[in-house]
Structure formats: C-alpha cells, structure tokens
C-alpha cells in the first residue's frame, strides 16, 4: 500500500498554501491537487513552475515514465478523477459521501455493475501509477494530495491500494463565505508554525521549518492561482470582518454558527463601526 496524506476541506479553506508549505518537507512529495493532473496535461494547464504541463521538464519525465509502465498521461482514458459525471455509472461512483446505509448500497452496486467496477479499476490504477511515479522521481516516502474532495478520498481508501492519513482543514465559515462572495459565488489567532508542527507529528514526520518551506520553489503543483506566486509570508486574513456585513453576514452566521463554535471560532467579531469606536 502507498502512504499518502490527504487534505479534506471545502474550497477556499487554505489547502493550497498548506500544501505548498508541507511540500518543503524532505519526506513529502506533492503535486497539489492530484485530481487535476491528467485533465491539466491534456488541456495544457500551467504548472506552478510557469510552463505548460506538457512542456514542463518534470512532467515530461513523469509522462515518459508512465508510458514505460503502459499508461498514457495524455490519453482521455487515463482518468484520475471524475470531473464530469454525465453517465449513471460516473454519478454512482462520484456521488457525495452519505450515511452508512447509502454508502453500503453504493458499494454493492459499484461491485456488481461491470461498467462501474471497470471504471473504478481504471481510476485506481491511474492514481496508483501517478503517485508511485511522483514518489519514485522525488525520492520521498509520503505523498500529499490536496484535492479536498471527499468522494475522491473514498475511492482511494476503498481501492485497498492506499494507506491515508486525512488532514481535515477548517477555516471560519464566514471567511470562506466572503471568499466566495468576492468571486460572485452565492453563498483567531494564527499560529502557522505550530500548526505545521502538529500536522508533521500526525504524519510521523520531523517538524519542518516554516521559513525553509516557504523558500522551496522546486514544486510542480496544481491548484488555485496563488500557486504561481512566491510565498513571502503568512498573515491572518480578516478582511471579511469589515466587508461581510448586513444580510450576508446574518445569513452566513446562521448557517455556520454551529460549526464555527465546534472548531473554536468566536461567535461575535467586531465590525468596522465597532472597531472605530473602540479605537
């Protein structure tokens, strides 16, 4: 079984920056969101090194090595993730994780339905080949996947090919909502070094120095656009406290309050008027 660490979280929760920091560890290999690699290779997405994936020297080596193992990274049949779920087969495999009864029924159906079983084998083999090759070329022992998706994690675990440690990444729900609203999508003190150390202990790795991790630019990752810029520092982003106001704040707080309380985020934060009055 291949050892992997998997970041599980909603979008806009900070998985890209955490992945880049942990990618500086001498025992961790990562490509960011591994689910994006085959699709990105075919559609000529940009690697974090600044070149198109099919032109990146590192990804060229990976593609050549995969061809030697009987896999074609550029082929539409090489699928590591179900980005589109048009067929009933893909909908069944990629359905979101549900209650135990629904999960038990889904497992039975995917094993007795020949098309679903074949599709699952293909996805599993593609992921196994990619991770094995990336680990082999890096000389590192643990692979970090920042794909975030729970259904993808389920596929990897149920394949029996991967031993995964799951990092559940959380962010104040109001901050996540603000990130979405800024992109026109409907909708605490920061201690990065201590958090990195805690994650490393969870992964049975030596702690990694934050400054050294941020200085590491030898990564070839996929994820959001921040992967294209150097990490010059880590700071707490509280812009949502001033800009998420009115009905948006009331709606988001009503939805996220129970989860924010569970993870220790304050129920009340100072808005812009309160901050001025306090000053």
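The values are calculated or read from the model by the stated rules, or taken from the named source; none is laboratory data. None of the values given here were measured: they were computed from a predicted structure. Cβ: placed from backbone, ideal geometry, glycine included. Neighbour counts: every protein chain shown.
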| query | So is residue 126 under 30 Å from residue 14 (Cβ atoms), touching a helix residue (DSSP H, G or I) at 6+ places or on another chain (Cβ under 9 Å) and part of a helix (DSSP H, G or I) or not? | reply | yes
| query | Quick one: would you say residue 136 is part of a helix (DSSP H, G or I), within 28 Å of residue 204 (Cα to Cα) and out of contact with any helix residue (DSSP H, G or I) (no Cβ under 7 Å at 6 or more places or on another chain)? | reply | yes
| query | Picking from 197, 218, 209, which residue would you name as being within 29 Å of residue 3 (Cβ to Cβ) and at pLDDT below 70? | reply | 218
| request: Could you figure out which of (1) in a loop (DSSP other than H, G, I, E, B); (2) touching a helix residue (DSSP H, G or I) at 6+ places or on another chain (Cβ under 9 Å); (3) farther than 17 Å from residue 154 by Cα isn't true of residue 18? | output: (1)
| What single numbered condition from (1) crowded, with 21+ Cβ neighbours inside 10 Å; (2) under 30 Å from residue 173 (Cα atoms) fails to hold for residue 84? | (1)
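Yes/no matrix, rows are residues, columns are (1) over 16 Å from the mean Cα position of the chain (by Cα); (2) under 22 Å from residue 261 (Cα atoms); (3) modelled with pLDDT of 80 or more:
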| residue | (1), (2), (3) |
| --- | --- |
| 165 | no, no, yes |
| 170 | no, yes, yes |
| 173 | yes, yes, no |
| 178 | yes, yes, no |
| 185 | yes, no, no |
| 191 | yes, yes, no |
| 201 | yes, no, yes |
| 204 | yes, no, yes |
